[in-house]
Amino acid sequence: MTDKLWGGRFDEDITTEVLEYTLTTDVDVRLVFADLWQDIAHVLMLGRRNIIPEQHARAILGALLRLWELHERGELTLRPELEDVHFNIEQMVIEDLGRETGGHMHTARSRNDQVSTDARMYLRRVHLDAVSANLALVEELLSFPEEDLLAILPGYTHSQAAQPVSVGFWKTAHASMLLRDVRRLRGAYERADESALGACALAGTSFPLDRELTARLLGFGAVLSHALDATSARDYLIEGAAAFALGSNNLSRMAEEIVLWSGHEYSLVEVPDAYATGSSIMPQKKNPVVAELTRGRAGRTAGTLVQLLTMAKGVTLGYSCDLQDDKPFLWNAIDTYLSTLRIVAGQTRGLRFDSKRGEDLCWDNFSTATELANHLVSEHGLPFREAHHVSGSLVSALIKRGSTLRDTAASAEILAGLGHPVEEAVLAHIFDPRTAVTSYTSPGGTSPRSVEAVRGELRAAVREHGRWLEETRQRLETAHTLTLQAARQIAEGAELAKTLDAVAAELPALHGSAALTTP
Ligand code: ARG
């Protein structure tokens with residue numbers, strides 16, 4: 001027999017090499033808060049259901065609270081030789097109270113339901129942090145002054161100047177995109193927010209558990225009832241990784257624009273000095289490294305998603321050790337995504353757009369040729385296809401002369417030659433990028449009114465997400481506080497059933513059965 005918690009069946013201990021290959025204590029550091037909270041909830045329930053004697057529950061709660069204090073002080077360290085957080089905490093409780101008492105904690109539970117419950121609890125926090133960081137960035141994007149509604153930028157398709165847009169239009173586009181990331185994160189939160197605790201190893205248990213009670217003590221919205229599914233599922237976690245990967249991809253697209261547009265060839269935007277670095281050899285350089293890393297690090301989050309999908313796809317139902325590899329890359333993806341969201345918000349605050357340059361590029365690149373076609377439709381009654389042809393012919397003729405739409409005299413002459421005369425003053429007006437931006441009044445278009453309307457909608461969405469974030473944080477906070485409060489009172493001698501029932505009455509209710517919540 002070895003002295004492992006599982007040692008009864010073994011004659012020989014694992015080698016150091018095997019331990020190092022299999023341990024998860026390094027990644028489990030992030031799960032300590034969840035594991036302790038979960039242990040406390042489990043023991044409260046075991047005591048309430050008389051699955052373990054009240055005096056043992058009381059003693060174990062006392063030991064767990066001592067560990068909680070140690071953890072709060074940053075002094076709880078996991079011993080690698082104990083493999084993972086679950087064995088560490090169980091061993092600490094046993095070392096504190098002896099096996100006679102501490103050995104009761106793991107009744108009617110397995111590391112298989114434990115680890116998934118821990119990961120769900122940690123992910124809930126991460127999703128809330130990611131929603132919060134996204135909302136901060138969206139608020140930054142939406143806080144532009146009124147002038148930005150007519151601060152001109154070229155809008156691009158095919159990386160070629162297409163039609164004029166405004167800085168406000170560009171910022172609201174990214175805000176709109178990021179709010180979809182927020183919705184995705186909320187969806188991922190909902191799937192993570194189901195308790196696996198009480199599923200035990202894979203099949204449930206013969207002990208009379210109260211899974212709803214532990215779920216509520218842990219602040220979960222639902223119980224994931226099916227024991228085999230609850231211990232096997234990792235889709236909730238892969239969905240989280242997908243949300244991080246998509247969110248990072250969206251940030252990367254913005255970063256790509258900033259990298260390109262801050263170069264001399266575009267000169268459309270200047271990155272704040274604090275978000276760029278210089279060259280060791282070329283004194284003139286100012287490199288937009290934060291934006292470059294934002295772009296590059298989307299590779300980490302995308303890689304994590306692929307790693308997780310690949311890790312899980314061949315695992316038959318029931319826990320297999322493959323699944324413990326769900327954490328290391330995911331942790332990296334989380335850190336990457338959260339740090340990127342935060343730094344991008346800071347960088348966004350300091351971006352300086354050059355709208356004079358934006359206007360020049362629009363003029364130089366025939367960005368308002370569509371306006372002539374539209375004018376010929378609405379004022380001359382031409383079919384659009386015909387008007388498109390006339391305007392295209394004008395562009396072609398101007399290019400051959402080495403000129404642009406700025407040359408209204410030449411444009412008027414060419415149009416007259418094409419049999420569609422338009423006055424020079426009219427051309428000067430319709431070719432002006434500001435005219436185009438102002439006149440696109442369709443919902444979602446570039447006009448200041450349209451952009452303000454969208455900004456209003458996006459701000460309303462930010463407020464709604466903000467309320468959800470507050471309520472959800474509050475829900476978790478309440479459940480945590482009440483769980484610790486019950487544990488403390490009982491550890492100090494209060495009667496278990498009475499104390500727990502009083503606390504349970506104040507716990508947030510479950511949203512409903514997991515299978516019945518909205519798809
Ligand atoms: N440390 C493991 C993990 O991270 C916990 C579950 C282990 N369960 C088992 N039967 N080996 O997934």
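The values are calculated or read from the model by the stated rules, or taken from the named source; none is laboratory data. Please read all numbers here as calculations on a predicted model, not as lab measurements. Neighbour counts run over all protein chains shown; Cβ positions are idealised from the backbone, glycine included.
For the range 183-200: of the residues being part of a loop (DSSP other than H, G, I, E, B) and touching an Asp or Glu at 6+ places or on another chain (Cβ under 7 Å), which is surrounded by the fewest Cβ atoms within 10 Å (Cβ to Cβ)?
That would be Cys200.
Which one of these is of a type outside the set (Val, Ile, Thr), within 22 Å of Leu476 (Cβ to Cβ), in a helix (DSSP H, G or I) and more than 16 Å from the ligand (Cβ to nearest atom): Leu67, Leu31?
Only one candidate qualifies: Leu67.
Would you mind listing the helices (runs of 4 or more DSSP H) fully within the range 320-416 where at least 1 residues are touching a strand residue (DSSP E or B) at 6+ places or on another chain (Cβ under 9 Å)? Full working, then the answer.
Numbers: elements: 328-349, 355-364, 369-380, 384-400.
Per the criteria, 355-364, 369-380.
Which one of these is free of Cβ contacts under 8 Å to residues at least 60 places away in the same chain and within 24 Å of Arg120 (Cβ to Cβ): Leu36, Leu64, Leu23? Reasoning before the result, please.
On the way: Leu64 fails: free of Cβ contacts under 8 Å to residues at least 60 places away in the same chain; Leu23 fails: free of Cβ contacts under 8 Å to residues at least 60 places away in the same chain.
Matching residue, one of Leu36, Leu64, Leu23: Leu36.
Please work out if Leu76 is free of Cβ contacts under 8 Å to residues at least 12 places away in the same chain, touching a Leu at 6+ places or on another chain (Cβ under 9 Å) and either surrounded by fewer than 22 Cβ atoms within 10 Å (Cβ to Cβ) or part of a helix (DSSP H, G or I) (or both).
For Leu76, the condition - free of Cβ contacts under 8 Å to residues at least 12 places away in the same chain, touching a Leu at 6+ places or on another chain (Cβ under 9 Å) and either surrounded by fewer than 22 Cβ atoms within 10 Å (Cβ to Cβ) or part of a helix (DSSP H, G or I) (or both) - is not met.
Out of the range 318-337, which residues are surrounded by fewer than 19 Cβ atoms within 10 Å (Cβ to Cβ) and away from the ligand (no atom under 14 Å from the Cβ)?
Of everything in the range 318-337, those that are surrounded by fewer than 19 Cβ atoms within 10 Å (Cβ to Cβ) and away from the ligand (no atom under 14 Å from the Cβ) turn out to be Asn332, Asp335.
Hey, could you check the range 359-379 for residues that are without any contact (Cβ under 8 Å) to a residue 60 or more places away in the chain and in contact with a helix residue (DSSP H, G or I) (Cβ under 7 Å, 6 or more places away or on another chain) and say which is surrounded by the most Cβ atoms within 10 Å (Cβ to Cβ)?
This residue is Leu372.
From the list Thr107, Thr157, Thr172, Thr117, which residue is surrounded by fewer than 24 Cβ atoms within 10 Å (Cβ to Cβ), touching a residue at least 24 places away in the same chain (Cβ under 8 Å) and of a type in the set (Val, Ile, Thr)? Quick ask: steps written out before the conclusion?
Values: Thr157 fails: touching a residue at least 24 places away in the same chain (Cβ under 8 Å); Thr172 fails: surrounded by fewer than 24 Cβ atoms within 10 Å (Cβ to Cβ); Thr117 fails: surrounded by fewer than 24 Cβ atoms within 10 Å (Cβ to Cβ).
Checking each option against the conditions leaves just Thr107.
Report yes if Val85 is surrounded by 21 or more Cβ atoms within 10 Å (Cβ to Cβ) and closer than 23 Å to Ala196 by Cβ, otherwise no.
yes
Can you tell me which residue within the range 6-28, out of those that are surrounded by fewer than 17 Cβ atoms within 10 Å (Cβ to Cβ) and within 12 Å of the ligand (Cβ to nearest atom), is modelled with the lowest pLDDT? Working first, answer last.
If we filter the range 6-28 for residues that are surrounded by fewer than 17 Cβ atoms within 10 Å (Cβ to Cβ), which is where we start, we get 6-22, 26.
If we keep only those that are within 12 Å of the ligand (Cβ to nearest atom) too, we end up with 6, 22, 26.
Details: Trp6: 79, Thr22: 93, Asp26: 97.
The qualifying residue modelled with the lowest pLDDT is Trp6.
Of everything in the range 230-268, what is among the polar types (S, T, N, Q) and either farther than 30 Å from Gly318 by Cα or in contact with a Pro (Cβ under 7 Å, 6 or more places away or on another chain) (or both)? Give them in sequence order.
Ser248, Asn249, Asn250, Ser252, Ser262, Ser267
List every residue pair whose Cβ atoms lie under 7 Å apart, where the two residues are 6 or more positions apart in sequence or sit on different chains, the first residue falls within the range 423-438 and is within 13 Å of Thr370 (Cα to Cα), and the second residue, located anywhere, is in a helix (DSSP H, G or I) and among the aliphatic types (A, V, I, L, M).
Leu427/Ala412; Ile430/Leu372
Any residue that is at pLDDT 95 or above, under 17 Å from the mean Cα position of the chain (by Cα), over 30 Å from Pro448 (Cβ atoms) and within 16 Å of the ligand (Cβ to nearest atom) - is there at least one of those in the range 111-118?
The first filter runs over the range 111-118 and keeps only residues at pLDDT 95 or above, leaving 111-118.
So of that shortlist, the ones also under 17 Å from the mean Cα position of the chain (by Cα) come out as none.
For the range 111-118, residues at pLDDT 95 or above, under 17 Å from the mean Cα position of the chain (by Cα), over 30 Å from Pro448 (Cβ atoms) and within 16 Å of the ligand (Cβ to nearest atom): absent.
Exactly one condition in (1) hydrophobic (A, V, I, L, M, F, W, C); (2) crowded, with 20+ Cβ neighbours inside 10 Å; (3) out of contact with any Lys or Arg (no Cβ under 9 Å at 6 or more places or on another chain) is false for Ile414; which is it?
(3)
Out of the residues in the range 34-49 meeting the condition of being among the aliphatic types (A, V, I, L, M) and more than 14 Å from the ligand (Cβ to nearest atom), tell me which one is nearest to Ala108 (Cα to Cα).
The residue in question is Leu46.
Would you point out the residue of the range 201-227, among those that are surrounded by fewer than 18 Cβ atoms within 10 Å (Cβ to Cβ) and free of Cβ contacts under 8 Å to residues at least 40 places away in the same chain, that is farthest from Ser116 (Cα to Cα)?
Ser206
Test Ile52 against the criterion of being within 30 Å of the chain's Cα centre (by Cα) and either farther than 22 Å from Cys200 by Cβ or more than 16 Å from the ligand (Cβ to nearest atom) (or both), and give yes or no. Before you say what the answer is, go through the steps one by one.
On the way: within 30 Å of the chain's Cα centre (by Cα): no; either farther than 22 Å from Cys200 by Cβ or more than 16 Å from the ligand (Cβ to nearest atom) (or both): yes.
So Ile52 fails the test.
Write out, first by first residue and then by second, each pair whose Cβ atoms fall under 7 Å of each other, whose residues are 6+ apart or on separate chains, and whose first residue, in the range 265-279, is on the phi > 0 side of the Ramachandran plot while the second is crowded, with 18+ Cβ neighbours inside 10 Å.
As it stands, the answer is Ser267/Asp354, since those pairs meet every condition given.
Of a type in the set (A, V, I, L, M), part of a loop (DSSP other than H, G, I, E, B) and away from the ligand (no atom under 13 Å from the Cβ), is that true of Met92?
no
Taking Thr294 and the conditions (1) more than 27 Å from the chain's Cα centre (by Cα); (2) part of a helix (DSSP H, G or I); (3) not aliphatic (A, V, I, L, M), which numbered condition does it fall short on, given that it satisfies the others?
(1)
This table checks each residue for (1) at pLDDT 95 or above; (2) of a type outside the set (Ser, Thr, Tyr).
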| position | (1), (2) |
| --- | --- |
| Asp193 | yes, yes |
| Phe207 | yes, yes |
| Ala215 | yes, yes |
| Val223 | yes, yes |
| Asp229 | yes, yes |
| Ser248 | yes, no |
| Glu270 | yes, yes |
| Pro283 | no, yes |
| Ala291 | yes, yes |
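From the list Phe384, Phe353, Phe329, which one is over 30 Å from Val138 (Cα atoms) and either at pLDDT 95 or above or within 27 Å of the chain's Cα centre (by Cα) (or both)?
Values: Phe353 fails: over 30 Å from Val138 (Cα atoms); Phe329 fails: over 30 Å from Val138 (Cα atoms).
Only one candidate qualifies: Phe384.
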